[in-house]
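A quick write-up on the structure given underneath.
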Amino acid sequence: PAADHAPALVIGSGYGAAVAALRLARAGVRTVVLEMGRLWETPGPDGKVFCRTIAPDHRSMWFRTRTEAPLATFLWLDVVNRNISPYPGVLDRIDYGDMAVYVGRGVGGGSLVNGGMAVTPPRSYFSEVLPQVDADAMYGTYFPRARSALGVNSIDRAWFESTPWYRYSRVSRAHAARAGIGTVFVPNVYDFDHMRREAAGTAPKSALAGEVLYGNNHGKRSLDKTYLAAALATGLVTVETLSRVRAVRPHARGHVVTVERLDLRGRVRATDEITTSRLFLGAGSLGTTELLLRARETGALPDLSPEVGRGWGHNGNVMAARANHVWDPVGARQSTMPVLGIDDWNNPTHPVFAEVAPLPMGLEHWISLYLAITKNPERGHFVYDAVRDRARLRWSRDQNGPSVAAARSLFGRLNRVNGTVYRHDLFGGNRAIADDFTYHPLGGCVLGRATDLYGRVRGHRGIYVVDGSLIPGSLGVNPFVTITALAERNMERIIREDVLRDPRGR
Ligand code: FDA
């Protein structure tokens, strides 16, 4: 290891972690980042860093022998997934029985695999979800700060209206309009100037070559190109990869973490201990919650709140697909970066914000695909499984009822008005609505419950939660802008009140 003591230690390198690393370094604090995934910058034998979505290889998934893509089949045939050799690939899927969660693995966390949609939630719903957080400060200062540092930009409207690459979005917009439902443009961190050069043939293709889910080789401003690059540029931040934190316990100098150093076959080649005065947990909703739950249940951090492990939700995620008429093609060419959302969030009974998702198969398939975000009041919680030393999510399929009902209400209307039907061949089990996985795990260490109002963990000083586990299960929109903005808000306070006032360990 670079050090056996770090003034500040950040676990994970997703959105919350990246903000923490940058803000600590800018305050002059030497910071070590521990990330269980690899650094994605060296090209493989094919000259590319990431593999293609429709031709996945070992780089695609985290230690698997077969890929587990969210859309399992096409025409009920298992043509999507591939056998692969186990490797620290960039996408992981964690199965908890009735619910599976997709997460990114690598320096940049979810930013490496996600669709880049950079959405700020409606202010009224943000205040409903996090009433204790000053919305004026969020909307006036921290959301703009986050959007600017993330490199958020918007598609040129004239290009959107004319390019074949977004025909699939325009088709869905027309179908929604016929049902009297509006759509909104959604900003993204993918560089739209690069995308236009891809379309013109003057830049290497990524979004226009079907790349998403297993990484983008060009165009996307993932965290390694924004927050983490800025953090590293200070010279005060070290990132240690293939370093998985297993345990946390108190120590005379603050806390000590146990780190497993992995090799490319997933074996633990060494186990180290690193002490730190300030520990920032940015391992994501599942990672952070599991670390704290294990620490509480094994007695390592006995004073943690009983709220650790509670208040988990999947942001009401469900997927659906509609079959269009043959005279209404969606286009064989589809950009993988979504730019349009069907906005029915103000629907009094069934609020839905449905992203018009691409299905870039390189052929005309007449399918409209959606990732719907619904308002689901159900919450899950985690319990510690001592035998397997892991967290288990308590979430049952029937808790998805409100989400499925909301999706059926919206897409049923679209089908009725447009004379279209659901596709049943894409998600396995002959289902029209996929309600067994999520891209948006939220909660587990909720702000103001398991932590104080700024992410300081209750019961043990010097531990902070900075990631999506702070958000109580629902946000109404795609979450990374909010995770980033909340981390900006909390880190500003923590640096001022904790770090600078008590510079021990700087
Ligand atoms: P995040 O999950 O990003 O990072 C956690 C990091 O910690 C990971 O790198 C992980 O490997 C590491 N880690 C975990 N445990 C560890 C341990 N014990 N030791 C060391 N490291 C550990 N959102 C959005 O706003 N717009 C979008 O378009 C999309 N699209 C989308 C598509 C797909 C396919 C996915 C999977 C997700 C999205 N999302 C999204 C969701 C978004 O990516 C997600 O909300 C954020 O990445 C969560 O940020 P966090 O900071 O909470 O953790």
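The values are calculated or read from the model by the stated rules, or taken from the named source; none is laboratory data. Model, not experiment: these values are computed from the prediction. Cβ sites come from the backbone with ideal geometry, for glycine too, and all protein chains shown count toward neighbours. When the accessible area is computed, the model is the full protein with side chains, heavy atoms only, and any ligands, DNA or RNA have been set aside. Shrake-Rupley method; radii C 1.70, N 1.55, O 1.52, S 1.80 Å.
Placing +1 on each Lys and Arg Cβ and -1 on each Asp and Glu Cβ, with no other charges, gives the range 192-235 a dipole about its Cα centre of roughly 80 debye.
Report the convex hull volume per residue for the range 154-307, counting only C-alpha atoms, in Å³.
203 Å³
Restricting the trypsin sites (Lys or Arg not before Pro) of the range 384-427 to loop positions (DSSP other than H, G, I, E, B) with no more than 13 neighbouring Cβ atoms within 10 Å leaves R388.
If you count Lys pairs in the chain whose Cα atoms are under 28 Å apart, skipping same-chain pairs closer than 8 places in sequence, the total is 5.
Taken as Cα centroids, the range 46-120 and the range 262-334 sit 15 Å apart, rounded to the nearest whole angstrom.
To the nearest ten degrees, helix 167-178 and the longest principal axis of the Cα atoms of the chain are 70 degrees apart. Taking all protein chains together and a 1.4 Å probe, the residues L39, L470 rank L39, L470 from largest to smallest accessible area. Toward the positive end of the charge dipole of the chain, about the Cα centre and with charges on Cβ (Lys, Arg +1; Asp, Glu -1), which of P358, G266, G444 goes farthest? The one lying farthest along the dipole's positive direction is G266. State the antiparallel share, in %, of DSSP beta bridges confined to the chain, rounding to the nearest 5. Around 75 percent of the beta bridges assigned by DSSP in the chain are antiparallel ones.
Taking every protein chain into account, the accessible area of the chain amounts to 36 square angstrom per residue (probe 1.4 Å).
The residues Y464, Y87, sorted by heavy-atom accessible surface at 1.4 Å with ligands and nucleic acids left out, run Y87, Y464 from largest to smallest. Given a cut-off of 25 Å, what percent of all Cα-Cα pairs of the range 1-151 lie beyond it? Summing the P(r) tail past 25 Å for the range 1-151 gives 47 percent.
Using a simple charge model, +1 on the beta-carbon of Lys and Arg, -1 on the beta-carbon of Asp and Glu, nothing else, what dipole does the chain show about its Cα centre, in debye to the nearest 20? List each step's numbers first, then the result.
Values: 62 positive and 48 negative charges, 62 e Å.
Magnitude of the dipole: close to 300 debye.
Placing unit charges on the Cβ atoms of the charged side chains and taking the dipole of the chain about its Cα centre, the candidate lying farthest along the positive direction among Y454, F427, F160 is Y454.
Considering only P7, A27, C51, and ranking their Cα positions along the charge dipole of the range 3-59 that arises from unit charges at the beta-carbon of Lys, Arg, Asp and Glu, the one farthest toward the positive end is A27.
On the beta carbon distance between R461 and R265, with R0 = 51 Å, the FRET formula returns roughly 0.85. Modelled this way, with points 7 Å down the Cα-to-C-beta line, the labels at V79 and R249 are 5.5 nm from one another.
The range 262-372: percent of C-alpha pairs farther apart than 17 Å?
On the way: 4492 of 6105 pairs.
Percent of Cα pairs beyond 17 Å in the range 262-372: 74.
For the chain, the share of accessible area belonging to carbon and sulfur comes to 51 percent (1.4 Å probe, ligands and nucleic acids excluded). Counting heavy atoms of the protein chains alone, E290 has an accessible area of about 50 Å² for a 1.4 Å probe. Comparing Cα centroids, the range 194-234 and the range 413-456 end up 26 angstrom apart. Could you pull the accessible area for H440 with a 1.4 Å probe, rounded to 10 Å²? Roughly 10 Å² of H440 is accessible to a 1.4 Å probe. Taking only the alpha carbons of the chain, we obtain Rg and Dmax values of 21.9, 71 Å in that order.
Residues D328, D78, ordered by accessible area of protein heavy atoms at a 1.4 angstrom probe radius and largest first, appear as D78, D328. Simple spin-label estimate for S409 and E497 gives 3.9 nm between the two label positions (7 Å along the Cα-to-Cβ direction from each Cα).
Please state the shape class of the range 1-70: rounded when a/c is under 1.5, otherwise prolate if a/b exceeds b/c and oblate if not, all from the C-alpha gyration tensor. It is prolate, given that a/c is not under 1.5 and a/b is the larger ratio.
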